[in-house]
Amino acid sequence: MMKIRVIVAGASGRMGQEVVKMLVKEENMELVGAISRSQAGKDAGEVVGIGYLGIPFVSSTLEALSKTKANVLVDFTTPEVVKENMELAMQTGVRPVVGTSGLSQKDVASLAKTSKKTGTGAIIAPNFAIGAVLMMVFAQKAAKYLPHVEIIESHHDRKLDAPSGTSLKTAEMINENRAEMRQGHPEEKELIDGARGAYFNGFRIHSVRLPGLVAHQEVLFGGNGQLLTVRHDSFNRESFMPGVKLAVEKVMNLDRLVYGLENILDL
Ligand code: NAP
């Protein structure tokens, strides 16, 4: 069996470390490179706490791509570098699997063009937790019958972007199924800026940031005399790994960019 050769960008970060541990356990995958500027030169296995692996961290994506014959680049970095990492990978025929949030719709469209031009498959998933993807799909279905909706997403206080990539993706999916209207009182006034949350095409997204949280989201649907709540909680970062594993496998058979894990699941 040919193993899928994988580089991890952001490998010393919270998500990247989980991906390194997952790749080492999977029989059909092999960690061949790990990128971290702060840990450059140190052994990836020792830094993530699973013992020596013989894979030293390198500080640049170009270096990792040129030193390894990788098939896939898994990226959990920051909004500033993820686009360039994806472009570099696709230009060298390496398939990106990306969890980093903060890519705009314009970025995704431009990356889809590169994917098509180079014939290199790619997957971007705002949320790799399969339960969270189901939460988004259920919310999309509910919006058709209960169009009054608000999203409350809650994350740890080290998160850089708000609202979360998952809440934006949920909002886009709801939007496809929801009759267009502006919710709430037409004359409502915010006494403190931001009190009603971020406005998305007629409804609101609220972002909570607190230590102790991981990744949580509730989608509330109100109707006369009823409330439907669709909720998902990721209690730890392992919850994302079955989705990352699936994406690494599926991207090997893609020649285009897929946005959203729901598009590679059999739903
Ligand atoms: P994190 O712990 O801060 O890790 C990010 C890593 O990226 C850092 O370890 C850092 O390593 C590297 N990095 C930062 N700036 C960089 C730069 N300019 N160039 C190259 N590397 C850089 O963050 P995290 O919690 O793992 O989250 C990473 C991303 O994944 C975030 O965007 C988060 O929202 C997203 N996320 C997605 C999912 C999902 O299911 N899709 C789930 C959780 C999180 P060095 O400084 O050592 O280079």
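Bridging of Lys69 to lysines at a Cα separation below 22 Å is possible for Lys3, Lys21, Lys25, Lys42, Lys83, Lys116, Lys117, Lys245, Lys250, once same-chain residues fewer than 8 apart are set aside.
Taking a ≥ b ≥ c as the square roots of the eigenvalues of the Cα gyration tensor, the range 196-235 is classed as oblate, since a/c reaches at least 1.5 and a/b does not exceed b/c. Each peptide in 99-105, 69-75, 261-267, 241-247 was scored by the mean count of other Cβ atoms within 10 Å over its residues; highest first, the order is 69-75, 241-247, 99-105, 261-267. Taking the fewest neighbouring Cβ atoms within 10 Å as the starting point, the ordered list for His155, His148 is His148, His155. Over the range 77-204, what relative contact order in percent results from Cα pairs under 8 Å that are six or more residues apart? After rounding, I find 22 percent. By the count of neighbouring beta-carbon atoms within 10 Å, fewest first, Met1, Met181, Met29, Met90 end up ordered Met1, Met181, Met29, Met90.
Using the Cβ of Glu18 as centre and a radius below 14 Å, the other residues enclosed give a net charge of +2, where K and R count +1 and D and E count -1. Find how many whole Å separate the alpha carbon centroid of the range 52-120 from the alpha carbon centroid of the range 192-213. Answer, in whole Å: 30. Suppose the Debye formula is applied to equal point scatterers at every Cα of the range 114-267; what is log10 I(q)/I(0) at q = 0.16, 0.20, 0.21 Å⁻¹? Each listed q corresponds, in turn, to -0.94, -1.28, -1.35. For the residues Ile55, Ile151, Ile123, a GNM of the chain with alpha-carbon springs under 10 Å puts the largest fluctuation on Ile55. Of all aspartates and glutamates in the structure, those lying under 19 Å Cα to Cα from Lys67, and not within fewer than 8 positions of it along the same chain, are Glu30, Asp43, Asp75, Glu84, Glu87. When only DSSP loop residues count, what GluC sites (Glu not before Pro) in the range 16-66 have their Cβ near at most 15 other Cβ atoms within 10 Å? Answer by residue number: Glu27.
Throughout, read-outs are computed from the coordinates displayed, never taken from laboratory work. Since this is a predicted model, take the numbers as computed values, not measurements. Methodologically, a virtual Cβ is constructed for each residue, glycine included, from the backbone with ideal geometry; neighbour enumeration extends over all protein chains shown.
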